[in-house]
Amino acid sequence: MKKQLRKHAKPHHSSGDWDFANTNWELNSSVYVSSPSSLRFLATNNTKVKTTTVPIANVKEGRIITYIRAPIEDNRTEIVFRWQDNNNYYCVALHFSGVAQTQYIYRRQGGENTILNSASKQLALNAWHKFRVTWWNDYVGLVIRVEIWQDGAWITLIADGYDALNLWNDVGGRLGIGDFGITTASGGIYVDDTYIYGIG
């Protein structure tokens, strides 16, 4: 990525930085990467960082780095960006399981999903995983890179996704993290130490 990324926010243990879809969340002081707590989704929920914290114009191109942990098999955890509404955004969909599952990069437009790339990888249960999702404009359109931190280095989780349509590149959009299909019986999803970078 040629442009210089600048850190806009470190939403860290502060629920006030986020807009939640519902009340299915808590700050959990038992399971975390950094004390005193992590954000835990108790059931299906999604949250987007407030535009007063990270202006959408600054993340037309950007990066999100975050830790995620799933105690029990999870249907789908999403990292979203350039979010316009529930039917229009870009997304990385992660599946946590005891066996290899398909991990996706996709575009949602008009309520329809278009897969931009995918990979069969196992994301082990009950362990913290550190992810880095970066998106930028290139001659091919939009490039989306998904990496995971392993053995002291960032490695590719899914090969880069490309989208010639490069939607919403002139307006940006909100970004955030959501979890879908979980119930209170699943133990929830934990999120911690989230950093957001943009070009503003």
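Only the coordinates and a few stated rules stand behind these numbers; no lab work does. Quantities reported herein were computed from a predicted structural model and do not represent experimental measurements. As a convention, Cβ positions derive from the backbone with ideal geometry for all residues, glycine included, and neighbour counts pool all protein chains shown.
Remark: the chain carries a charge dipole of roughly 460 debye about the Cα centre, counting +1 on each Lys and Arg Cβ and -1 on each Asp and Glu Cβ. Across the range 75-89, computed HN-Hα scalar couplings (Karplus, 6.51 cos²θ - 1.76 cosθ + 1.60, θ = phi - 60°) run 5, 5, 10, 10, 10, 10, 8, 6, 6, 9, 6, 4, 10, 8, 5 Hz from first to last residue, x flagging Gly and Pro. Going by neighbour counts of Cβ atoms within 10 Å, the residues Asp170, Asp192 line up, fewest first, as Asp170, Asp192. First select every other residue whose beta carbon is under 10 angstrom from the beta carbon of Val133; then total the charges, Lys and Arg +1, Asp and Glu -1. That works out to +2. Considering the chain, its Cα convex hull presents a mean projected area of 10.5 nm². Over the chain, Cα pairs under 8 Å with separation of 6+ residues give a relative contact order of 34 percent.
For the range 6-198, the residue among Gly152, Ser37, Val54 whose Cα projects farthest onto the positive side of the dipole built from Cβ charges is Val54. Stokes-Einstein diffusion for the range 129-173 at 4 °C, viscosity 1.567 mPa s, with a Kirkwood radius from C-alpha pairs, works out to 112 µm²/s. Using θ = phi - 60° in the Karplus curve 6.51 cos²θ - 1.76 cosθ + 1.60, the 3J(HN,Hα) couplings for the range 126-133 round to 6, 9, 6, 10, 9, 10, 9, 10 Hz; x is entered for Gly and Pro.
Using a simple spin-label model with pseudo-atoms 7 Å out from Cα toward Cβ, Asn86 and Ala100 lie 3.5 nm apart. Just name one of Tyr90, Gly172, Ser118: the one whose Cα is farthest towards the positive end of the charge dipole of the range 6-198 (beta-carbon charges, Lys/Arg +1, Asp/Glu -1). Most positive-ward Cα: Gly172. Rounded to the nearest Hz, the phi-derived 3J(HN,Hα) couplings of the range 106-116 under the Karplus curve 6.51 cos²θ - 1.76 cosθ + 1.60 (θ = phi - 60°) are 8, 10, 10, 9, x, x, 10, 8, 10, 6, 9, where x marks glycine and proline. Charging the Cβ of each Asp and Glu at -1 and of each Lys and Arg at +1, and nothing else, the dipole of the range 111-200 about its Cα centre rounds to 140 debye. The orientation-averaged projection of the convex hull spanning the C-alpha atoms of the range 17-125 amounts to 7.6 square nanometres.
Here Phe81, Phe20 are placed in order of increasing Cβ neighbour count within 10 Å, fewest first, which gives Phe20, Phe81.
Spatially, the range 157-174 and the range 44-114 are offset by 12 Å when compared through their Cα centroids.
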